[in-house]
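Peer 1: There's a structure below that I have some questions on.
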Amino acid sequence: MLRHTAVRIAAALAATLILVSCARTGADEQTRSAGQVGYPTVPRNLTRVPPDQRKELPTVSGPSLGSNQTISSQDYRGKVVVINVWGSWCPPCRKEAPDLQAASVETKEIAQFVGITSKDYDPAPAEAFVRSFKITYPSIYDPTGKVLLAFAGELPPSAIPSTMVIGREGRLAVRVL
């Protein structure tokens with residue numbers, strides 16, 4: 001059952017991300033200083049971790065964006081958890097947000113999505129992002145990236161956006177950079 005669930009979520013994410021990356025054009029490029037064109041869209045990288053190589057991930061927790069509550073990955077033990085790292089300032093995050101929201105609704109019976117907003121030093125833009133894209137899953141507010149550093153062995157801290165699918169046993173099953 002676990003393998004089927006992780007594969008189903010990975011397939012939903014992969015299909016979503018493939019559609020998003022195929023829809024990208026050169027218009028997504030940004031202009032650097034001195035008028036240089038750069039920052040081309042990099043294809044997303046989906047890695048399925050073989051079951052015998054899956055490592056247990058640390059428990060992470062932090063303040064919930066937009067409320068006084070605390071979100072902890074421990075609260076979702078026994079469930080498949082999809083963690084998406086995003087920032088309101090991140091163009092690829094804006095591009096994938098509607099698809100991730102749709103995937104969270106489509107897989108709500110088998111998975112819990114949790115966001116981690118990183119490097120949004122003021123919560124107002126992050127809250128506006130959530131409202132704008134009608135994101136219904138909770139997000140940890142992590143302005144300094146401290147929560148994100150807990151995943152340093154599995155996820156580069158600068159890999160924003162990125163998504164991890166964590167199996168019911170708390171082990172990393174799929175990573176999308």
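The values are calculated or read from the model by the stated rules, or taken from the named source; none is laboratory data. What you see is a predicted model; the values in this text were computed from it and never measured. Note: accessible area is taken over every heavy atom of the protein model, side chains too, but ligands, DNA and RNA are not part of it. Shrake-Rupley method; radii C 1.70, N 1.55, O 1.52, S 1.80 Å.
Peer 1: Could you list all residues from region 85-141 that are under 12 Å from L65 (Cα atoms), among the charged types (D, E, K, R) and open to solvent by less than 50 Å² (accessible area, probe 1.4 Å)?
Peer 2: The answer is D120, and nothing else.
Peer 1: Would you point out the residue of region 50-84, among those that are open to solvent by 50 Å² or more (accessible area, probe 1.4 Å) and assigned to a strand (DSSP E or B), that is nearest to F133 (Cα to Cα)?
Peer 2: P63
Peer 1: So which of S33, S67, S61, S73 ends up being modelled with pLDDT of 95 or more and hydroxyl-bearing (S, T, Y)? If you could, list the steps in order and put the result at the bottom.
Peer 2: Working: S33 fails: modelled with pLDDT of 95 or more; S67 fails: modelled with pLDDT of 95 or more; S73 fails: modelled with pLDDT of 95 or more.
Sole residue among the options that is modelled with pLDDT of 95 or more and hydroxyl-bearing (S, T, Y): S61.
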